[in-house]
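Readers should treat all values here as calculations from the given coordinates under stated rules, not as data from a laboratory. Please read all numbers here as calculations on a predicted model, not as lab measurements. Quick reminder, even Gly has a Cβ in these numbers, built from the backbone with ideal geometry, and neighbours come from all protein chains shown.
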Amino acid sequence: MKFRGFELNSFQRRAVEAINAGRSVLLSAPTGAGKTLIAEYALEEALRSGRRVIYTAPIKALTNQKYRDFRRLIGDDVGIMTGDVTINPRAPLQLMTTEIFRNTIFEDDSRVSDVAYVVFDEVHYMDDLERGTVWEESIIFSPPEIRFICLSATISNIDQLGDWLEEIHGNFEVIKSTKRPVPLRHGLFFPGFGPSKLDSITNLDQLKKRKGAYKRRGRHNVVDYVVKHRLLPCLYFCFSRKECEKKAMANFHRELLTGEERQRLDQSFEEICELFSIESNDDLEEIRTLARAGVGFHHAGILPVHKELIERLYTTGLIKLLFTTETFALGINMPVKTVVFNQLKKYDGVSFDYIKTRDYLQMAGRAGRQGLDKEGKVFSLVNFSDVNVPALKQVIYGDVEPIRSRFNLSYNTILNLYQRLGGERLIEAYERSFAAFQTSEAGSKKKRERMGRQHRESIERKIQFLEKVRYIDHEGLLPRGEIAAQITGYEIQLTELIFQGVFENLNEHQINVVLTAIHYDERRGEYNEELSGQVLGPWRRKVSDVVYGMIRKERDLGIQDTCKPPNFNLSAAIHHWSMGGEFDELEQYTSVSPGDRVRTMRMTIQLVRQLKKIALKNTSLPDKLDRALIAINRDVVDARRQLEAG
């Protein structure tokens, strides 16, 4: 069986047969095995019958990439909605973040009445601590007639997830494959000594003996080894942005391009810069210098247009050695010959520990190019002084961690469900969750009852809070609740500020400052200039008092995940930008990286748009919000401009 000129493998054939039979599909297969082809087949079938497909992805970067991929594949019948950009919203194929899809269902599920399939790409993101609950909510509350294509990297409890999906929506085909098109060869690399097979190491005593042998053999550097043995192109993963840049700069002397390749790179570089109107500055020249040597770095801290430039050079094969953080494994789908891990430990916000097997395989899976490599090479750097052999074997060869439910209804979700179901049935909604399903299969009856009680108490506390602050009563939503039900993210903070008249008393630049403070999360070690007291006057204290007042009420009821307090530390930079300042000038006000600045402002744009949607009856606010959007959504911050450029 062939599709688009490709001979389908066994799992692809099974999936196509399920789609032809009108079934939903849950597919688990290794990175690079060809899962996306199934979504493309479902899309073609839907378009042939005059129906639509929604394609969701966990992060905006992946959504943007898929938008471009499908534009090349099917032309103008593609739209995108990510909160900070909307293009062609009624297109037959709609790309969107999972949050946008969930919101669409809650706001008006008739808008998906002509949708044949919803694709959940990277559905194992249900395990994401902060955002995983959105996947569950999207699946639980989707109209029953919608079918799903759920795509996942390898997960160990695929059958359990499939059983839950079958129970919730029925008619699911569960397909799993563990075979990679190009097998991986895993090895350790001891800095200064060289590579070694992990399966030949059983304990630390062996390592210590081997350390002496390595010393006699001579010193090695992993990049030296990769270059010498012609193992390029190579993706080199670091868990630190600074480390990515530092290592790239330490390797630009290598001159990995031929003269002809350097000429092609120069031409491509200029063409891409012209296409995206990328202006010359020190950062761009650093990228150019590295790229001319065949080297690059990529992480969330660099400007989106600079990431675009690096990604496009990478996909042409002109960047041979790319130092990047783990988010790249969810982005550009271009395999390499070799993957290197700078280390297998990372800081998870609490402690410094070994990464998950699932994350390792997601990144390592980029190694091995079909039709070019017999095997993909994966090297992990390990220090003799800090090595745990059993832990290493678990990361590299162990069973992939099961998906765990992160079900935790937000206030916005509770309000929408309360409006549709009422209080008692809302609590029953927990019974349909993957959390409840997993609990029903876990341990003793006593443990199941305890876990179920904890979930219900969490929802009940939030309902009590909403009653206490007059968002709901026994009959339904009150005016505050009606507003908060239309806001996704920071709904309590924004609703209170609306009802306190804060936004009506601010100009467009002050609105941008306050909205940024509501959502801004500071990274450790960042410098920010203090905002002049004249910019907000008494309103800064007012905003803080309003939000902290709600947080105190939450704590009184024992709610753990309280509203986020405002953070005005980036306010001076945001105000300067909103007032018309140049992007490069923001470095006078903050050490926050260019990429983080853009991402922060794009989130502010999302909040401005949400406020605008609910402020139509207010005579002065919509015009003011329009001006706020114009002030902040310009130049490198404008996501739509970048997407439409090519």
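Entry note, the stretch 313-367: relative contact order of 37 percent, from Cα contacts under 8 Å with a spacing of 6+ residues.
Within the straight-line cut-off of under 15 Å between alpha carbons, the aspartates and glutamates reachable from LYS468 are GLU460, GLU496, GLU554, ASP556, sequence neighbours fewer than 8 places apart in one chain being disregarded.
Summing charges over all other residues whose Cβ lies under 12 Å from the Cβ of ASP556, with Lys and Arg as +1 and Asp and Glu as -1, gives +4. The amide H of SER380, built 1.01 Å from its N in the peptide plane, has GLY187, LEU188, PHE189, PHE341 as neighbours under 5 Å, considering only residues 5 or more places off or on other chains.
Residue order for ASP638, ASP282, fewest other beta carbons within 10 angstrom first, comes to ASP282, ASP638. In this Cβ point-charge picture (+1 for Lys and Arg, -1 for Asp and Glu), the stretch 184-397 has a dipole of about 1600 debye about its Cα centre. Within the stretch 2-176, DSSP assigns beta bridges of which about 15% are antiparallel (rounded to the nearest 5). Note that the stretch 117-124 has calculated 3J(HN,Hα) couplings of 9, 10, 9, 9, 7, 6, 5, 5 Hz, one per residue in order, obtained from phi through the Karplus relation 6.51 cos²θ - 1.76 cosθ + 1.60 (θ = phi - 60°); glycine and proline are x.
If you find the alpha carbon centre of the stretch 80-118 and of the stretch 1-48, how far apart are they in angstrom? The stretch 80-118 and the stretch 1-48 have Cα centres separated by 22 Å. Let me check I've understood the local charge: for ARG71, count other residues with C-beta under 12 angstrom from its C-beta, Lys and Arg +1, Asp and Glu -1. What total comes out? Its environment carries a net charge of -1. Footprinting exposure proxy ranking of PHE237, PHE269, fewest other C-beta atoms within 10 angstrom first, gives PHE269, PHE237. Sorting PHE407, PHE106 by the number of Cβ atoms found within 10 Å of their own Cβ, with the fewest placed first, yields PHE106, PHE407.
Distant-in-sequence amide contacts of GLU173, defined by a placed amide H-H separation under 5 Å and a gap of 5 or more residues or a different chain, comprise SER24, VAL25, LEU26. Converting phi to 3J(HN,Hα) with the Karplus coefficients 6.51, -1.76 and 1.60 and the offset θ = phi - 60°, the stretch 460-466 yields 4, 4, 5, 5, 4, 4, 5 Hz in sequence order, with x at every glycine or proline. Both radii are taken from the alpha-carbon atoms of the chain; with Rh as the Kirkwood radius, Rg/Rh is 0.96. Between GLU582 and LEU478, the modelled labels are 5.2 nm apart [label points 7 Å from Cα along Cα→Cβ].
Under the rule a/c < 1.5 gives rounded, and otherwise a/b versus b/c splits prolate from oblate, where does the stretch 2-176 land using the Cα gyration tensor? Since a/c stays below 1.5, the shape of the stretch 2-176 is classed as rounded.
Hey, got a sec? Which GluC sites (Glu not before Pro) in the stretch 542-646 land in a DSSP loop and have at most 14 other Cβ atoms within 10 Å?
Those satisfying the criteria are GLU582.
Ranking ILE139, LEU275, ALA435 by how far each Cα lies toward the positive end of the dipole of the chain (charges on Cβ) leaves ALA435 at the top. Take every Cα pair under 8 Å whose residues are at least 6 apart in sequence, average their separation, divide by the length of the stretch 184-397, and the relative contact order is 30 percent. In the stretch 277-431, a dipole from Cβ-located charges (positive for Lys and Arg, negative for Asp and Glu) runs towards its positive end, and of LEU426, PHE297, GLY368 it is GLY368 whose Cα lies farthest in that direction. Rounded to the nearest 20, the Cβ-based charge dipole of the stretch 407-478 about its Cα centre (Lys and Arg +1, Asp and Glu -1) stands at 340 debye. Can you pull out the trypsin sites (Lys or Arg not before Pro) in the stretch 505-611 that DSSP calls coil and that have at most 14 other Cβ atoms within 10 Å? Sparse-neighbourhood loop trypsin sites (Lys or Arg not before Pro): ARG523, ARG524.
Taking the dipole about the Cα centre of the chain, with the C-beta of Lys and Arg at +1 and of Asp and Glu at -1, give me whichever of ALA153, SER110, PHE120 is farthest to the positive side. Going by the Cα projections, it comes out as ALA153. Semi-axis lengths, largest first, of the ellipsoid equivalent to the stretch 486-645 are 24, 19, 15 Å, with √(5λ) applied to each eigenvalue of the Cα gyration tensor. Taking all Cα pairs closer than 8 Å and separated by 6 or more residues, the relative contact order of the stretch 492-646 comes to 32 percent. Over the stretch 390-512, the hull volume per residue, using the convex hull of the C-alpha atoms, is 163 Å³. In this structure the amide hydrogen of PHE3, modeled in the peptide plane, comes within under 5 Å of the amide hydrogens of LEU8, none closer than 5 places in sequence on its chain. Computed over neighbours whose Cβ is under 12 Å from that of GLU286, the net charge equals -2, Lys and Arg +1, Asp and Glu -1.
3J(HN,Hα) along the stretch 24-33: 7, 10, 10, 10, 10, 8, x, 4, x, 8 Hz, from the Karplus curve 6.51 cos²θ - 1.76 cosθ + 1.60 with θ = phi - 60°, whole Hz, x for Gly and Pro.
Label reach from MET249 (point 7 Å along Cα→C-beta): in the stretch 314-346, amide nitrogens under 18 Å belong to 322-325.
Dipole size of the chain about its Cα centre, with +1 on Lys/Arg Cβ and -1 on Asp/Glu Cβ: approximately 2520 debye, rounded to the nearest 20. Beyond 18 Å between alpha-carbons counts as too far, so tell me which of LYS35/LYS176; LYS356/LYS393; LYS462/LYS553; LYS66/LYS612 fall in that bin. In this structure, LYS66/LYS612 exceed 18 Å between Cα atoms.
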